[in-house]
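A quick write-up on the structure given underneath.
The values are calculated or read from the model by the stated rules, or taken from the named source; none is laboratory data. Predicted, not measured: the structure shown is a model, and the values here were computed from it. Glycine gets a Cβ as well: all are built from the backbone with ideal geometry, and neighbour counts include every protein chain shown. With ligands, DNA and RNA removed, areas are computed over all heavy atoms of the protein, side chains included. Shrake-Rupley method; radii C 1.70, N 1.55, O 1.52, S 1.80 Å.
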Amino acid sequence: MNNLLKNNRLADGKNVGTDNDGKQSVSDAEFIREKILLAVTGICTGIANGFFGGGGGMIVVPMLVFLLGREPRRAHATALLVILPISVISGFIYASFGKFSFSVGLPAGLGVIAGGVIGALILKKISGSLLTKIFAAVMFAAGVKLLFF
């Protein structure tokens, strides 16, 4: 495994390989643990997205931030890129079952594109701490809405 790890990096930027004394800077176990946690994160995100027709970000962002210790802005940006392909695939599956309304989906999709650009620009300008608070507030409000209304 040592040759496989040389010149690799963990997702948080830690070098994986050997130091000047030939010792690994990150253990094989830590490297494998991270890859397993990332795979589990992906599976949970895919299941949530396929089951609910979206919402994978509610799974992937907290897992990247709290389970894997990633910086919140990087976690949100990663979530967006990860969720795009599974959303497209899930959308095609829903459409193939006749569960997609093009008259609603297409105009809403244009709004999502515009909102995504605006959100990405705002993301660059706010702190990770504020982002986490906003995300928590939105998740909390959504939970209250689902429970009581």
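One line per residue, one yes/no per condition, for (1) at pLDDT 90 or above; (2) open to solvent by 90 Å² or more (accessible area, probe 1.4 Å); (3) in a helix (DSSP H, G or I):
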| site | (1), (2), (3) |
| --- | --- |
| I86 | no, no, yes |
| V104 | yes, yes, yes |
| A108 | yes, no, yes |
| I118 | yes, yes, yes |
Within the range 131-149, the residues that are loosely packed, with under 11 Cβ neighbours inside 10 Å and not charged (D, E, K, R) are A137, F140, A141, V144, L146, L147, F148, F149
Contact list please: Cβ distance under 8 Å, first residue in the range 123-137 and in contact (Cβ under 8 Å) with a residue 60 or more places away in the chain, second residue assigned to a helix (DSSP H, G or I), pairs at least six apart or on different chains. T132/V65; T132/P72; F135/V61; F135/P72; F135/H76
Please work out if L81 is open to solvent by 80 Å² or more (accessible area, probe 1.4 Å), part of a helix (DSSP H, G or I) and closer than 28 Å to E34 by Cα. yes
Restricting the range 42-77 to residues that are modelled with pLDDT of 90 or more and among the β-branched types (V, I, T), the residue that is farthest from the chain's Cα centre (by Cα): I43
For the range 50-78, give me each residue that is closer than 17 Å to M139 by Cβ, among the small types (G, A, S) and either open to solvent by 70 Å² or more (accessible area, probe 1.4 Å) or in a helix (DSSP H, G or I) (or both). G57, A75
